[in-house]
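What follows is a single structure, written as structure tokens, with notes after it.
The values are calculated or read from the model by the stated rules, or taken from the named source; none is laboratory data. This one's a predicted model, so the numbers in the text were calculated from it and none came from an experiment. Here the Cβ positions follow ideal geometry from the backbone for every residue, glycine too, while neighbour counts run over all protein chains shown.
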Amino acid sequence: MGNAIRSIAVAAAVIGLASGCSSASDSGAKGSSSAAPTGTASAASPAQLQALVPTPAGTAQTYGPDTIADNGIHVSFKVAAAPSDVVTAYKAALEGKGWTVTTIVSSVGGSDGGGGATYTGTHGDSYGVFDGGGFGKETYLNVCTWPAKPAQPNCSRQK
């Protein structure tokens, strides 16, 4: 009985969301006001995107920035510190630069000292994927930022 009620509630929520998203009776004010800033704002340049990327404390080596699809940039950092400490501090550094950050996945290693996290974030129209991890006292961070969220925000690990 509980599963049936839950299924009905989920179906009702989906129908409500679908009808709310595709309503033809909207006045258009919502669509035009949210679309106008995106269309009229100038896209961030690679230099502006790089300025939004903090350098982690303890960085031993930096790779990039390299250009990637959709006018984005990719930067990698090799950091001489424990992975869980690095990714936690990096999230705080992103927030300190004005990013709104969402944790996608995080892990803490066992006896080998491994761990890491993947975050996504927005800073105005800019979008970023921040992926880091490692073992012991060596952590690698891969950072990709774009002037707007791309259809496929793939941030490949390059180093």
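List of remarks:
- Selection of strands (runs of 3 or more DSSP E) fully inside region 99-141 by the criterion of at least 1 residues being among the charged types (D, E, K, R) returns 126-135.
- Condition broken by Gly96, with the remaining ones in (1) among the small types (Gly, Ala, Ser); (2) modelled with pLDDT of 95 or more; (3) closer than 16 Å to Trp146 by Cβ; (4) exposed (fewer than 11 other Cβ atoms within 10 Å of the Cβ) satisfied: (3)
- When region 71-100 is filtered for residues that are over 15 Å from Val143 (Cα atoms) and charged (D, E, K, R), only Asp85 remains.
- Identity of the residue in region 114-137, farther than 18 Å from Phe77 by Cβ and touching a strand residue (DSSP E or B) at 6+ places or on another chain (Cβ under 7 Å), that ends up surrounded by the fewest Cβ atoms within 10 Å (Cβ to Cβ): Thr122
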